[in-house]
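Step one of this worksheet: look at the structure below.
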Amino acid sequence: MELKKKITSMIQNYICEYQKNSGITSKWGEPLVGFADAKHPDVFKLKELISEQHVMPSEVIQEPTIIIAYFVPFTKELADTNKVTKDSASPEWARTYEETNAMFGKLNQHLIEELKKMGYEAGISKEATTFDRKSLISHWSQRHIARIAGCGTFGINNMLISKKGCCGRYSTIVTNLDVVPDKPMEEEYCLYKSKGICGVCVKHCPSGALTFEGYDRKKCFQVCLKNAEIYKGFGNSYLDETGKNTNSAGSEVCGKCVVNVPCSFK
Ligand code: B12
Ligand code: SF4
Ligand code: SF4
(Lines give C-alpha, C1' and ligand atoms only; values in the text may rest on other atoms or scores of the structure.)
(Ligands and ions follow the chains in the order given, each with its own letter.)
Protein backbone atom coordinates (compact mmCIF):
# COMPACT_ATOMS: atom_id res chain seq x y z
CA MET A 1 0.00 0.00 0.00
CA GLU A 2 1.22 3.50 -0.78
CA LEU A 3 2.82 5.03 2.36
CA LYS A 4 0.50 8.07 2.59
CA LYS A 5 -2.56 5.82 2.38
CA LYS A 6 -1.07 3.44 4.95
CA ILE A 7 -0.46 6.26 7.45
CA THR A 8 -3.93 7.71 6.82
CA SER A 9 -5.47 4.28 7.55
CA MET A 10 -3.35 3.91 10.69
CA ILE A 11 -4.75 7.20 12.03
CA GLN A 12 -8.32 6.34 11.01
CA ASN A 13 -8.16 2.85 12.54
CA TYR A 14 -6.64 4.08 15.79
CA ILE A 15 -9.39 6.66 16.32
CA CYS A 16 -12.08 4.16 15.37
CA GLU A 17 -10.80 1.64 17.94
CA TYR A 18 -10.03 4.27 20.61
CA GLN A 19 -13.63 5.40 20.85
CA LYS A 20 -14.67 1.85 21.79
CA ASN A 21 -12.61 2.06 25.03
CA SER A 22 -14.68 2.08 28.18
CA GLY A 23 -14.47 5.46 29.90
CA ILE A 24 -14.36 7.33 26.58
CA THR A 25 -17.63 9.12 25.98
CA SER A 26 -16.59 11.04 22.86
CA LYS A 27 -17.28 10.04 19.29
CA TRP A 28 -15.21 11.39 16.40
CA GLY A 29 -15.69 11.59 12.65
CA GLU A 30 -13.27 10.18 10.07
CA PRO A 31 -10.00 12.16 10.27
CA LEU A 32 -8.49 14.16 7.43
CA VAL A 33 -4.73 13.73 6.94
CA GLY A 34 -2.25 16.01 5.12
CA PHE A 35 1.50 15.84 4.53
CA ALA A 36 3.34 19.18 4.77
CA ASP A 37 6.73 19.87 3.22
CA ALA A 38 8.95 20.50 6.27
CA LYS A 39 11.05 22.82 4.08
CA HIS A 40 8.13 24.80 2.64
CA PRO A 41 8.96 28.55 2.64
CA ASP A 42 5.90 29.20 4.83
CA VAL A 43 7.41 27.01 7.59
CA PHE A 44 10.38 29.39 7.85
CA LYS A 45 7.99 32.38 8.01
CA LEU A 46 6.42 31.08 11.25
CA LYS A 47 9.06 32.79 13.42
CA GLU A 48 8.10 36.10 11.89
CA LEU A 49 4.35 35.44 11.72
CA ILE A 50 3.80 33.84 15.14
CA SER A 51 6.79 34.18 17.48
CA GLU A 52 10.57 34.41 17.44
CA GLN A 53 10.61 31.20 19.52
CA HIS A 54 8.42 29.23 17.10
CA VAL A 55 10.03 25.79 16.89
CA MET A 56 11.45 24.66 13.55
CA PRO A 57 10.94 21.03 12.41
CA SER A 58 14.73 20.51 12.53
CA GLU A 59 14.58 21.13 16.29
CA VAL A 60 12.19 18.18 16.65
CA ILE A 61 14.10 15.54 14.62
CA GLN A 62 17.23 15.58 12.47
CA GLU A 63 16.73 16.14 8.74
CA PRO A 64 12.94 16.40 8.73
CA THR A 65 11.14 16.12 5.39
CA ILE A 66 7.40 15.79 6.07
CA ILE A 67 5.10 16.96 8.85
CA ILE A 68 1.98 14.82 9.12
CA ALA A 69 -1.02 16.99 10.05
CA TYR A 70 -4.41 15.54 10.87
CA PHE A 71 -7.83 16.96 11.66
CA VAL A 72 -10.22 15.00 13.85
CA PRO A 73 -13.80 16.20 13.30
CA PHE A 74 -16.31 16.23 16.13
CA THR A 75 -19.83 14.91 15.54
CA LYS A 76 -22.99 16.93 14.77
CA GLU A 77 -24.52 15.50 17.96
CA LEU A 78 -21.70 17.01 20.02
CA ALA A 79 -21.92 20.34 18.20
CA ASP A 80 -25.67 20.44 18.92
CA THR A 81 -25.06 20.15 22.68
CA ASN A 82 -22.90 23.28 22.52
CA LYS A 83 -25.43 25.13 20.38
CA VAL A 84 -28.18 25.00 23.00
CA THR A 85 -26.21 26.14 26.06
CA LYS A 86 -26.36 29.91 25.58
CA ASP A 87 -23.64 31.47 27.72
CA SER A 88 -21.47 28.57 28.71
CA ALA A 89 -20.04 25.67 26.75
CA SER A 90 -21.84 22.34 27.17
CA PRO A 91 -20.33 19.73 29.53
CA GLU A 92 -20.07 17.33 26.58
CA TRP A 93 -18.02 19.93 24.68
CA ALA A 94 -15.62 20.38 27.60
CA ARG A 95 -15.22 16.65 28.06
CA THR A 96 -14.56 15.97 24.38
CA TYR A 97 -11.96 18.76 24.34
CA GLU A 98 -10.05 16.94 27.10
CA GLU A 99 -10.60 13.46 25.67
CA THR A 100 -9.40 14.56 22.23
CA ASN A 101 -6.22 16.13 23.59
CA ALA A 102 -5.55 13.00 25.67
CA MET A 103 -6.12 10.81 22.61
CA PHE A 104 -3.66 12.90 20.57
CA GLY A 105 -0.87 12.06 23.04
CA LYS A 106 -1.50 8.33 22.74
CA LEU A 107 -2.15 8.28 18.99
CA ASN A 108 1.01 10.30 18.29
CA GLN A 109 3.07 7.94 20.44
CA HIS A 110 1.59 4.97 18.58
CA LEU A 111 2.40 6.54 15.20
CA ILE A 112 5.95 7.40 16.25
CA GLU A 113 6.53 3.78 17.32
CA GLU A 114 5.01 2.36 14.11
CA LEU A 115 7.04 4.73 11.90
CA LYS A 116 10.21 3.79 13.77
CA LYS A 117 9.49 0.10 13.13
CA MET A 118 9.30 1.01 9.44
CA GLY A 119 12.74 2.64 9.65
CA TYR A 120 11.68 6.30 9.89
CA GLU A 121 12.26 8.99 12.50
CA ALA A 122 9.31 10.85 13.99
CA GLY A 123 8.64 13.21 16.88
CA ILE A 124 6.31 15.89 18.19
CA SER A 125 7.15 19.43 19.25
CA LYS A 126 6.95 19.82 23.03
CA GLU A 127 5.55 23.29 22.43
CA ALA A 128 2.46 21.83 20.72
CA THR A 129 0.80 20.96 24.04
CA THR A 130 1.40 24.24 25.82
CA PHE A 131 1.01 27.99 25.31
CA ASP A 132 2.20 31.22 26.87
CA ARG A 133 -0.58 32.32 29.24
CA LYS A 134 0.25 36.01 28.82
CA SER A 135 0.64 36.37 25.06
CA LEU A 136 -1.77 33.45 24.41
CA ILE A 137 0.55 32.11 21.75
CA SER A 138 2.00 28.64 21.24
CA HIS A 139 5.46 28.27 19.78
CA TRP A 140 4.14 25.43 17.63
CA SER A 141 1.08 26.40 15.62
CA GLN A 142 -0.88 23.27 14.76
CA ARG A 143 -3.16 25.03 12.32
CA HIS A 144 -0.41 26.84 10.42
CA ILE A 145 1.35 23.53 9.83
CA ALA A 146 -1.99 21.96 8.87
CA ARG A 147 -2.59 24.81 6.39
CA ILE A 148 0.81 24.13 4.79
CA ALA A 149 -0.20 20.43 4.63
CA GLY A 150 -3.21 21.44 2.52
CA CYS A 151 -5.77 20.63 5.23
CA GLY A 152 -7.68 23.90 4.93
CA THR A 153 -7.83 27.70 4.94
CA PHE A 154 -8.43 30.26 7.73
CA GLY A 155 -11.97 31.55 8.21
CA ILE A 156 -12.95 34.83 9.84
CA ASN A 157 -13.86 32.75 12.89
CA ASN A 158 -10.07 32.38 13.12
CA MET A 159 -10.34 28.62 12.66
CA LEU A 160 -8.70 26.50 10.00
CA ILE A 161 -11.61 25.27 7.88
CA SER A 162 -11.02 21.92 6.18
CA LYS A 163 -13.21 20.14 3.65
CA LYS A 164 -14.72 18.40 6.69
CA GLY A 165 -15.35 21.75 8.36
CA CYS A 166 -13.77 23.50 11.35
CA CYS A 167 -15.57 21.76 14.24
CA GLY A 168 -12.77 19.54 15.50
CA ARG A 169 -9.10 19.55 16.46
CA TYR A 170 -5.67 19.32 14.80
CA SER A 171 -2.42 17.53 15.64
CA THR A 172 0.95 17.19 13.89
CA ILE A 173 4.01 14.88 13.81
CA VAL A 174 7.43 15.72 12.33
CA THR A 175 8.95 12.89 10.27
CA ASN A 176 11.61 12.04 7.69
CA LEU A 177 9.15 10.21 5.38
CA ASP A 178 9.99 10.00 1.70
CA VAL A 179 6.59 10.91 0.21
CA VAL A 180 5.46 13.73 -2.08
CA PRO A 181 4.22 16.61 0.12
CA ASP A 182 0.72 18.08 -0.27
CA LYS A 183 0.33 21.74 -1.19
CA PRO A 184 -1.54 24.52 0.66
CA MET A 185 -5.06 24.99 -0.71
CA GLU A 186 -5.79 27.96 -2.91
CA GLU A 187 -9.61 27.95 -2.71
CA GLU A 188 -11.07 29.91 0.26
CA TYR A 189 -13.50 27.85 2.37
CA CYS A 190 -14.85 30.79 4.41
CA LEU A 191 -17.99 32.23 2.77
CA TYR A 192 -17.21 35.72 4.02
CA LYS A 193 -13.71 35.63 2.57
CA SER A 194 -14.79 34.09 -0.75
CA LYS A 195 -18.20 35.75 -1.34
CA GLY A 196 -18.60 38.45 1.30
CA ILE A 197 -21.61 36.62 2.80
CA CYS A 198 -22.39 34.74 6.04
CA GLY A 199 -20.69 36.16 9.16
CA VAL A 200 -22.72 33.78 11.37
CA CYS A 201 -19.67 33.06 13.54
CA VAL A 202 -19.38 36.77 14.43
CA LYS A 203 -23.08 36.85 15.46
CA HIS A 204 -22.62 33.76 17.66
CA CYS A 205 -19.62 35.05 19.61
CA PRO A 206 -20.85 35.89 23.14
CA SER A 207 -17.98 38.25 24.03
CA GLY A 208 -17.36 40.45 21.03
CA ALA A 209 -13.98 38.74 20.57
CA LEU A 210 -14.86 38.01 16.95
CA THR A 211 -15.65 40.95 14.68
CA PHE A 212 -15.44 41.46 10.93
CA GLU A 213 -12.29 43.49 11.61
CA GLY A 214 -10.46 40.77 13.50
CA TYR A 215 -10.15 38.56 16.56
CA ASP A 216 -9.33 39.61 20.12
CA ARG A 217 -7.73 36.60 21.83
CA LYS A 218 -7.75 38.26 25.28
CA LYS A 219 -11.55 38.72 25.20
CA CYS A 220 -11.95 35.16 23.97
CA PHE A 221 -9.70 33.83 26.72
CA GLN A 222 -11.91 35.47 29.39
CA VAL A 223 -14.86 33.41 28.13
CA CYS A 224 -12.75 30.24 28.09
CA LEU A 225 -11.60 30.93 31.67
CA LYS A 226 -15.22 31.31 32.82
CA ASN A 227 -16.00 27.90 31.39
CA ALA A 228 -12.90 26.48 33.08
CA GLU A 229 -14.40 27.54 36.40
CA ILE A 230 -17.46 25.41 35.64
CA TYR A 231 -15.64 22.42 34.12
CA LYS A 232 -12.97 21.25 36.52
CA GLY A 233 -13.88 17.58 36.51
CA PHE A 234 -12.75 16.48 33.07
CA GLY A 235 -9.00 16.96 33.63
CA ASN A 236 -6.73 19.46 31.94
CA SER A 237 -4.78 18.26 28.98
CA TYR A 238 -2.67 21.36 28.30
CA LEU A 239 0.80 21.25 29.86
CA ASP A 240 3.13 23.96 31.12
CA GLU A 241 6.63 24.62 29.73
CA THR A 242 8.12 21.77 31.81
CA GLY A 243 5.80 19.34 30.02
CA LYS A 244 4.79 17.83 33.36
CA ASN A 245 2.06 19.97 34.88
CA THR A 246 -1.20 21.12 33.44
CA ASN A 247 -1.18 24.88 33.23
CA SER A 248 -4.75 25.64 34.22
CA ALA A 249 -7.48 24.39 36.51
CA GLY A 250 -10.37 23.40 34.30
CA SER A 251 -11.35 23.05 30.66
CA GLU A 252 -10.75 26.34 28.83
CA VAL A 253 -13.39 26.05 26.15
CA CYS A 254 -16.22 27.91 24.39
CA GLY A 255 -16.48 27.06 20.69
CA LYS A 256 -19.73 28.96 19.88
CA CYS A 257 -17.98 30.19 16.69
CA VAL A 258 -17.49 26.65 15.36
CA VAL A 259 -20.92 25.12 16.07
CA ASN A 260 -24.13 25.74 14.16
CA VAL A 261 -22.26 27.70 11.47
CA PRO A 262 -22.21 26.88 7.72
CA CYS A 263 -18.53 25.83 7.90
CA SER A 264 -18.89 23.52 10.95
CA PHE A 265 -18.82 20.31 8.91
CA LYS A 266 -18.08 21.30 5.30
C1 B12 B 1 -3.44 29.67 22.59
C2 B12 B 1 -4.64 28.99 22.00
C3 B12 B 1 -5.89 29.52 22.31
C4 B12 B 1 -6.06 30.84 23.07
C5 B12 B 1 -5.78 32.00 22.09
C6 B12 B 1 -6.49 31.80 20.75
C7 B12 B 1 -5.80 32.26 19.46
N8 B12 B 1 -6.50 32.14 18.38
O9 B12 B 1 -4.68 32.70 19.40
C10 B12 B 1 -7.51 30.71 23.58
C11 B12 B 1 -7.48 29.98 24.91
C12 B12 B 1 -8.29 32.00 23.73
C13 B12 B 1 -8.09 29.74 22.54
C14 B12 B 1 -9.42 29.67 22.20
C15 B12 B 1 -9.93 28.75 21.30
N16 B12 B 1 -9.28 27.70 20.77
CO17 B12 B 1 -7.38 27.48 20.86
N18 B12 B 1 -5.55 27.20 20.74
C19 B12 B 1 -4.51 27.85 21.17
C20 B12 B 1 -3.20 27.20 20.71
C21 B12 B 1 -2.60 26.43 21.89
C22 B12 B 1 -2.19 28.18 20.13
C23 B12 B 1 -2.75 29.20 19.14
C24 B12 B 1 -1.74 30.28 18.83
O25 B12 B 1 -0.54 30.13 18.95
N26 B12 B 1 -2.18 31.44 18.47
C27 B12 B 1 -1.27 32.53 18.11
C28 B12 B 1 -1.49 33.05 16.71
C29 B12 B 1 -0.49 34.13 16.34
O30 B12 B 1 -1.35 32.03 15.76
P31 B12 B 1 -2.60 31.31 15.12
O32 B12 B 1 -3.75 31.48 16.03
O33 B12 B 1 -2.19 29.87 14.90
O34 B12 B 1 -2.86 32.01 13.69
C35 B12 B 1 -3.15 33.41 13.50
C36 B12 B 1 -2.67 34.05 12.21
O37 B12 B 1 -2.05 33.17 11.41
C38 B12 B 1 -3.86 34.71 11.53
N39 B12 B 1 -4.43 34.34 10.20
C40 B12 B 1 -5.74 34.49 9.98
N41 B12 B 1 -6.01 34.21 8.72
C42 B12 B 1 -4.88 33.88 8.10
C43 B12 B 1 -4.66 33.52 6.78
C44 B12 B 1 -3.38 33.19 6.36
C45 B12 B 1 -3.14 32.79 4.95
C46 B12 B 1 -2.32 33.25 7.32
C47 B12 B 1 -0.95 32.91 6.92
C48 B12 B 1 -2.59 33.63 8.66
C49 B12 B 1 -3.87 33.95 9.04
O50 B12 B 1 -4.92 34.53 12.43
C51 B12 B 1 -4.63 33.62 13.41
C52 B12 B 1 -5.13 34.13 14.75
O53 B12 B 1 -4.58 35.34 15.11
C54 B12 B 1 -3.70 26.22 19.58
C55 B12 B 1 -2.93 24.88 19.49
C56 B12 B 1 -1.59 25.07 18.84
N57 B12 B 1 -0.54 24.68 19.49
O58 B12 B 1 -1.51 25.56 17.74
C59 B12 B 1 -5.18 26.03 19.92
C60 B12 B 1 -6.20 25.99 18.78
C61 B12 B 1 -5.91 27.13 17.85
N62 B12 B 1 -7.48 26.23 19.47
C63 B12 B 1 -8.47 25.59 18.95
C64 B12 B 1 -9.83 25.77 19.34
C65 B12 B 1 -10.83 24.79 18.77
C66 B12 B 1 -10.20 26.81 20.22
C67 B12 B 1 -11.59 27.24 20.69
C68 B12 B 1 -12.78 26.94 19.78
C69 B12 B 1 -11.88 26.74 22.14
C70 B12 B 1 -12.62 25.45 22.29
N71 B12 B 1 -11.95 24.34 22.06
O72 B12 B 1 -13.76 25.43 22.66
C73 B12 B 1 -11.36 28.77 20.84
C74 B12 B 1 -11.52 29.49 19.48
C75 B12 B 1 -10.97 30.86 19.46
C76 B12 B 1 -10.81 31.43 18.08
N77 B12 B 1 -11.90 31.78 17.39
O78 B12 B 1 -9.66 31.57 17.61
C79 B12 B 1 -8.01 24.67 17.81
C80 B12 B 1 -8.44 25.21 16.44
C81 B12 B 1 -8.97 24.15 15.51
C82 B12 B 1 -9.34 24.72 14.15
N83 B12 B 1 -10.35 24.16 13.53
O84 B12 B 1 -8.70 25.64 13.67
C85 B12 B 1 -6.45 24.63 18.04
C86 B12 B 1 -5.60 24.52 16.77
C87 B12 B 1 -6.17 23.42 18.95
C88 B12 B 1 -6.14 22.07 18.24
N89 B12 B 1 -5.25 21.19 18.66
O90 B12 B 1 -6.88 21.80 17.33
N91 B12 B 1 -7.10 29.00 21.98
S1 SF4 C 1 -19.35 31.04 9.83
FE2 SF4 C 1 -19.35 31.89 7.76
S3 SF4 C 1 -18.15 33.79 7.93
FE4 SF4 C 1 -17.72 32.58 9.78
S5 SF4 C 1 -15.86 31.42 9.24
FE6 SF4 C 1 -17.61 30.11 8.74
S7 SF4 C 1 -18.05 30.52 6.57
FE8 SF4 C 1 -16.71 32.18 7.33
S1 SF4 D 1 -14.43 30.67 21.29
FE2 SF4 D 1 -16.25 31.80 22.03
S3 SF4 D 1 -15.51 33.78 22.78
FE4 SF4 D 1 -13.87 32.85 21.55
S5 SF4 D 1 -14.16 33.72 19.51
FE6 SF4 D 1 -15.27 31.76 19.52
S7 SF4 D 1 -17.36 32.30 20.13
FE8 SF4 D 1 -16.05 34.08 20.64
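The values are calculated or read from the model by the stated rules, or taken from the named source; none is laboratory data. No experiment lies behind these values; they were computed from the predicted model shown. Neighbour counts run over all protein chains shown; Cβ positions are idealised from the backbone, glycine included. Just so you know, the surface numbers come from the protein's heavy atoms only, side chains and all, with ligands and any DNA or RNA stripped out. Shrake-Rupley method; radii C 1.70, N 1.55, O 1.52, S 1.80 Å.
Summary of values
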| read-out | value |
| --- | --- |
| Verdict on Glu114 being away from ligand 3 (no atom under 16 Å from the Cβ), in contact with a helix residue (DSSP H, G or I) (Cβ under 7 Å, 6 or more places away or on another chain) and charged (D, E, K, R) | yes |
| Set Lys232, Lys203, Lys195: member being more than 11 Å from ligand 1 (Cβ to nearest atom), at pLDDT below 95 and among the basic types (Lys, Arg) | Lys232 |
| Condition met for Lys83 (over 15 Å from the mean Cα position of the chain (by Cα), closer than 19 Å to Tyr170 by Cβ and open to solvent by 70 Å² or more (accessible area, probe 1.4 Å)) | no |
| Among (1) in a loop (DSSP other than H, G, I, E, B); (2) surrounded by fewer than 17 Cβ atoms within 10 Å (Cβ to Cβ), the one test that Pro64 misses | (2) |
| Lys218 being under 26 Å from Ala149 (Cα atoms) and within 10 Å of ligand 1 (Cβ to nearest atom) | no |
| Qualifying residue in segment 20-27 (condition: over 30 Å from Val261 (Cα atoms) and crowded, with 17+ Cβ neighbours inside 10 Å) | no |
